[in-house]
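Asks: Below are the structure tokens for one structure; questions will follow.
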Amino acid sequence: MKILIGSDKYKGSLESGKVCEAIAAAIKELVPDADLEIFPLADGGEGTAAILTRQNKGKEIYLTVRGPLGAPTEAVYGLSGDGKTAYIEMAEAAGLHRITPDPETSLKSSTHGVGDMIRDALDRNVKEIILAIGGSATTDAGMGMAEALGFKFLDMRGHPVPANGLGLLELYRIDGDQAHPRIGEVGFKVACDVTNPLFGLNGAAMVYAQQKGAGPEEIGFLEIGLRNFSKVSSLFLNRKVHNVPGSGAAGGLGAGAMIFLKAILVKGPQLVFEHTGFEERVKEADMIITGEGSVDNQSFNGKLLDGILDLVSKHHKSVVIIGGRVDNDISWPKWVHGVYALCDFAPDMESSLKDPEHWLKVAVSAMVQDLKKKNILPGG
């Protein structure tokens with residue numbers, strides 16, 4: 001029996017490669033002749049660029065970029081082994097972890113550094129850029145990114161406006177004459193798992209700005225600014241994207257990517273499967289072991305686990321799920337041969353988070369015993 005181990009990370013506890021390795025090591029101890037393949041995965045959020053780089057035999061590119069508030073910071077992105085594709089995470093340059101959220105930073109944070117990484121990749125003559133946009137510190141609709149790529153943002157007197165949340169409301173004209181010449185030559189895909197529009201009750205400001213430090217006044221300012229940005233960008237660049245699902249992702253970077261880069265928004269798991277050949281591995285396997293830190297009803301809303309279950313069903317395979325925690329009220333399809341949660345074996349949640357590799361070993365031991373009893377693994 002060939003077993004494919006393809007898990008997401010256990011967020012805040014263990015990255016996906018370590019999760020897969022721990023599961024494989026525990027199985028090997030109990031079933032020494034098991035035919036295992038380790039295939040770390042991501043859902044389009046944190047860790048996606050590293051996974052795509054690894055699975056495509058690529059290398060990491062380190063460079064100094066502008067952080068959310070303009071100070072130089074070190075960032076890394078991935079380049080595929082053939083040099084044709086760049087894998088970029090916006091959080092590397094403009095992630096929430098890079099600021100102390102407060103009202104002032106909620107208006108001043110910018111995606112400049114994301115544009116710095118994209119420019120570097122363009123200058124390396126890549127043919128495609130994959131951009132993962134989770135975990136942003138910004139609400140600038142991608143203006144900072146675009147300014148780093150040569151776009152100019154002007155007020156009604158022709159003076160530059162800041163390419164951040166503060167500039168959204170002052171924006172009167174966009175000049176793309178000096179935009180990087182390779183933008184039109186490169187295909188851009190954005191890993192995006194949210195469906196929020198650019199503005200409105202479910203938009204970028206109303207839903208996400210508070211976690212970036214914005215108070216009611218700042219949220220109102222950003223909301224009006226995003227509406228103005230949409231009006232100006234549609235006038236000067238003829239791109240109306242404010243109602244496209246995902247345009248409000250990452251403080252409007254979803255919209256900015258479509259407007260300035262002519263990017264396509266793609267569900268994260270779909271993008272990861274496409275760029276790693278994971279579906280082919282599923283076809284070749286007899287069983288898939290997968291999981292993530294928290295398995296709940298949100299896991300079925302276009303997330304990685306949802307995508308894996310679709311592939312398993314499509315190719316008539318079986319699957320086992322191992323999560324950090326798993327909701328008890330989920331109804332599983334018949335091809336799920338077992339569901340295990342680390343916190344069900346550990347004395348408490350804190351213990352499972354502190355030593356996930358140990359509790360993975362315990363969970364895998366229980367899984368192997370159950371599969372042997374069902375005669376799915378030899379030795380039952």
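Asks: Quickly run through segment 173-206 and pick out the residues that are over 30 Å from ASP43 (Cβ atoms) and assigned to a loop (DSSP other than H, G, I, E, B).
Replies: Passing the criteria: GLY176, ASP177, GLN178, ALA179, PRO181.
Asks: Still on this structure: Every residue in segment 354-380 that is touching a residue at least 40 places away in the same chain (Cβ under 8 Å), open to solvent by 20 Å² or more (accessible area, probe 1.4 Å) and outside any helix (DSSP H, G or I), please.
Replies: ILE376, PRO378, GLY379
Asks: Here's something else I'd like to know. Could you tell me which numbered condition SER247 fails, if it satisfies all but one of (1) in contact with a helix residue (DSSP H, G or I) (Cβ under 8 Å, 6 or more places away or on another chain); (2) in a loop (DSSP other than H, G, I, E, B); (3) open to solvent by 10 Å² or more (accessible area, probe 1.4 Å)?
Replies: That leaves (3) as the condition not met.
Asks: Something else now. Can you name the residue in segment 207-223 that is assigned to a helix (DSSP H, G or I) and touching a helix residue (DSSP H, G or I) at 6+ places or on another chain (Cβ under 6 Å) and is also surrounded by the fewest Cβ atoms within 10 Å (Cβ to Cβ) among such residues?
Replies: Filtering segment 207-223 for residues that are assigned to a helix (DSSP H, G or I) and touching a helix residue (DSSP H, G or I) at 6+ places or on another chain (Cβ under 6 Å), the one surrounded by the fewest Cβ atoms within 10 Å (Cβ to Cβ) comes out as ILE219.
Asks: Any residue in segment 126-146 that is modelled with pLDDT of 95 or more sitting within a Cβ distance under 7 Å of a residue that is of a type in the set (Lys, Arg) and open to solvent by less than 10 Å² (accessible area, probe 1.4 Å)? List the pairs, counting only those 6 or more apart or interchain.
Replies: Sorted first by the residue in segment 126-146, then by its partner, the pairs are ALA137/LYS212; THR139/LYS212.
Residues are listed down the side, and each one gets a yes or a no for (1) under 19 Å from ALA257 (Cα atoms); (2) at pLDDT 95 or above; (3) among the polar types (S, T, N, Q):
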{"site": "GLY45", "(1), (2), (3)": "yes, no, no"}
{"site": "THR48", "(1), (2), (3)": "yes, no, yes"}
{"site": "TYR62", "(1), (2), (3)": "no, yes, no"}
{"site": "PRO68", "(1), (2), (3)": "yes, yes, no"}
{"site": "PRO72", "(1), (2), (3)": "no, yes, no"}
{"site": "LEU79", "(1), (2), (3)": "no, yes, no"}
{"site": "LYS84", "(1), (2), (3)": "no, yes, no"}
{"site": "GLU92", "(1), (2), (3)": "yes, yes, no"}
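Asks: Tally up the residues in segment 102-135 that are open to solvent by less than 10 Å² (accessible area, probe 1.4 Å), among the small types (Gly, Ala, Ser) and touching a strand residue (DSSP E or B) at 6+ places or on another chain (Cβ under 8 Å), please.
Replies: 4
Asks: Please go through (1) open to solvent by 10 Å² or more (accessible area, probe 1.4 Å); (2) outside any helix (DSSP H, G or I) for ASP306 and return the number of the only condition it doesn't satisfy.
Replies: Evaluating ASP306 over (1) open to solvent by 10 Å² or more (accessible area, probe 1.4 Å); (2) outside any helix (DSSP H, G or I) leaves (2) as the failure.
Asks: Give just the number: which of (1) surrounded by fewer than 17 Cβ atoms within 10 Å (Cβ to Cβ); (2) on the phi > 0 side of the Ramachandran plot does TRP335 not satisfy?
Replies: (2)
Asks: Residue check, HIS316 against (1) touching a Gly at 6+ places or on another chain (Cβ under 8 Å); (2) open to solvent by 10 Å² or more (accessible area, probe 1.4 Å); (3) farther than 23 Å from MET349 by Cβ, all met but one. Which one?
Replies: (1)
The values are calculated or read from the model by the stated rules, or taken from the named source; none is laboratory data. Since this is a predicted model, take the numbers as computed values, not measurements. Every residue, glycine among them, receives a Cβ derived from its backbone with ideal geometry; neighbour counts consider all protein chains shown. For accessibility, only protein heavy atoms count, side chains too; no ligands or nucleic acids. Shrake-Rupley method; radii C 1.70, N 1.55, O 1.52, S 1.80 Å.
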